[in-house]
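Taken together, the values in this text are just the output of simple stated rules run on the coordinates, not laboratory data. Small disclaimer: the values here were computed from a predicted structure and weren't measured. Because the Cβ atoms are built from the backbone with ideal geometry, glycine has one as well, and the counts that use them run over all protein chains shown.
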Amino acid sequence: MGYKAYSLRNFKEIPQIAKLSKEKIKDIEIVGRVLPFKTNSYVINELIDWDNYQNDPLFILTFPQRGMLSKEHYNIVEELYLRGANEKEILKTVNVIRQELNPHPAGQLEKNVPVYNGQRLNGVQHKYNETVLFFPSQGQTCHAYCTFCFRWPQFSGDHNLKQSTKEVSLLINYIKDNPEVTDLLFTGGDPMVMSANILSSYIDAVLEAKIPHLKTIRIGTKTLGFWPYRYLTDKDSDQIIDIFKRIVNSGLNLSIMAHFNHYRELESDAVLKAVKRIQSTGAIIRTQSPILNHINADSSVWRKMWKKQAGLGMIPYYMFIPRDTGAQKYFAVTLDSAYNIFKDAYSNVSGISRTVRGPSMSANSGKVKVEGVLNLEAGKAFILSFIQARDTSWVKKPFLAKYDDKAIWLDDLKPYSGEEKFFFDK
Ligand SMILES: *Cc1c(COP(=O)(O)O)cnc(C)c1O
Ligand code: SF4
């Protein structure tokens, strides 16, 4: 199957676009100027239900929707669009809107960057003791873009092999010097957009280094959802499978951290074959997703998704609460509702699926999980706890926040004790 990508520039060439209303096409053109828009032939032909596009979770996952922008922002871009403003003017306005949507668009990549021998390790993050994150420069894009993702300020990918060799050798020295590190997580974007040659240049360097305390290589990827042919028919698919085998044969664990948002991503022949082919290398597939209004804010979707994953031998791992990105209002689910959806789905799957943890917020202080809601004499409370924390002594220590049925993020919560700040903000 040949990969073909579509963006704002060429999406009208997609035959199924003929099914959309004029209004919907205009919305794509307007919202797609501001939010990321890229989709591909697999998503279009094998995932989206075009007869029900208005409510189809897979359509909403990659095609910009009107509600993703505020009325005000929509109107500003619409005005430019209707009067045929030139590209320069549009870009200028769009950049201002993007800044407003996300005050620190590039901030994510600059946080938790270690300094090694006086040198900043760009493309590396080390926040939790055991796991180092690596953002290979050629892996900072994806086979399609999720409309809820605001990581695209980092979406580029134009670096040469020489630069990567330097990147990876610094990374290896850093891991060697940090014996608490057991896991190396390749992330992005999507590292599986890299060619097999580039991926193997990174992986082989790590394997050759034979770092005794390094036990697991993880690869975070959306390819099983967006382009399962990566493991089947791409011209370097066999090489990719070989790389996975080399990792496992070297004695390291390989964990594919697969990003799935809906059980429908687990139904095509291609994804089923890709899963089996990956598993045949000895790799383990773990799964994760944010909980998103309009896409999966329904316990039956999660129950079905976890059941299908477990049935395919995958290990459900995380349910995330989406962080404050551009279209947060559109996708937001209250903490209360996320907790109830998690609880309901979790209660109706076997123990094999109950490896999943969440719903969890990846905040500055750590990964904060909503454990439950308590009815106390002084009023309702959320029970929270850290799954991962900047300070390991915080992990698994329950703490209370005042219950707030509208809260969508940790910032919206106040300590139950009446204190101004939570202990981890002091
Ligand atoms: C989630 C996360 C990890 C990995 O945490 P695990 O609980 O080991 O999966 C590592 N680094 C950062 C910054 C993370 O957000
Ligand atoms: S696959 Fe991941 S990085 Fe890429 S657009 Fe989706 S959420 Fe963002």
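Can you tell me the mean projection area, over all orientations, of the convex hull of the chain's alpha carbons? Units nm², please.
Its Cα hull, projected and averaged over all orientations, spans 21.8 nm².
Just how far, in whole angstrom, is the range 61-91 from the range 266-333 if you go by their alpha carbon centroids?
About 31 Å separates the Cα centre of the range 266-333 from the one of the range 61-91.
Near the amide H of R218, under 5 Å away, which other amide H atoms are found, from residues 5 or more places off or on another chain, if H is placed in the peptide plane?
Amide H neighbours of R218, under 5 Å, 5+ apart: L184, L185, F186, S255.
Apply the Karplus curve 6.51 cos²θ - 1.76 cosθ + 1.60, θ = phi - 60°, to the phi angles in the range 8-13 and return the couplings in whole Hz, x for Gly and Pro.
After applying 6.51 cos²θ - 1.76 cosθ + 1.60, I find 4, 5, 10, 5, 5, 7 Hz.
Taking +1 at the Cβ of each Lys and Arg and -1 at the Cβ of each Asp and Glu, which of F134, I247, L101 sits farthest along the dipole of the chain towards its positive end, judged by Cα position relative to the Cα centre?
Sorting the options by dipole projection puts first I247.
Which value at 222 nm does the chain reach when only helices count, each DSSP H run of 4 or more adding -39,500 (n - 2.57), with the total divided by all residues and rounded to the nearest 500 deg cm²/dmol?
-9500 deg cm²/dmol
Return the long-range amide H neighbours of K367 (sequence gap of 5 or more, or a different chain), with a cut-off of under 5 Å between placed amide H atoms.
I387, Q388, A389
Tell me, what is the Rg over Rh of the range 289-379, with Rh the Kirkwood radius over Cα pairs?
0.99
Once amide H atoms are placed 1.01 Å from N in the peptide plane, what residues at a sequence separation of 5 or more from K127, or on another chain, have their amide H within under 5 Å of its amide H?
Placed amide hydrogens put L133 under 5 Å from K127.
Mean Kyte-Doolittle of at least 0.5 plus a Cα span of 20 Å or more along the axis: flag which DSSP H helices in the chain meet both, please.
none
Trypsin sites (Lys or Arg not before Pro) within the range 302-387: which are DSSP loop residues with at most 13 other Cβ atoms inside 10 Å?
Answer by residue number: R354.
Aspartates and glutamates near K92 by alpha-carbon distance under 20 Å, same-chain residues fewer than 8 away left out - which ones?
Here the aspartates and glutamates satisfying the reach criterion relative to K92 are D27, E29, E72, E78, E79, E100.
Placing unit charges on C-beta atoms (Lys and Arg positive, Asp and Glu negative, everything else neutral), compute the dipole magnitude of the chain about its Cα centre in debye, rounded to 20.
460
So which of K24/K329; K406/K426; K176/K210; K4/K308 end up more than 18 Å apart by C-alpha?
Over 18 Å Cα-Cα: K24/K329; K406/K426; K4/K308.
State, as an integer percentage, the relative contact order of the chain based on alpha-carbon contacts under 8 Å between residues 6 or more apart.
Relative contact order here is 11 percent.
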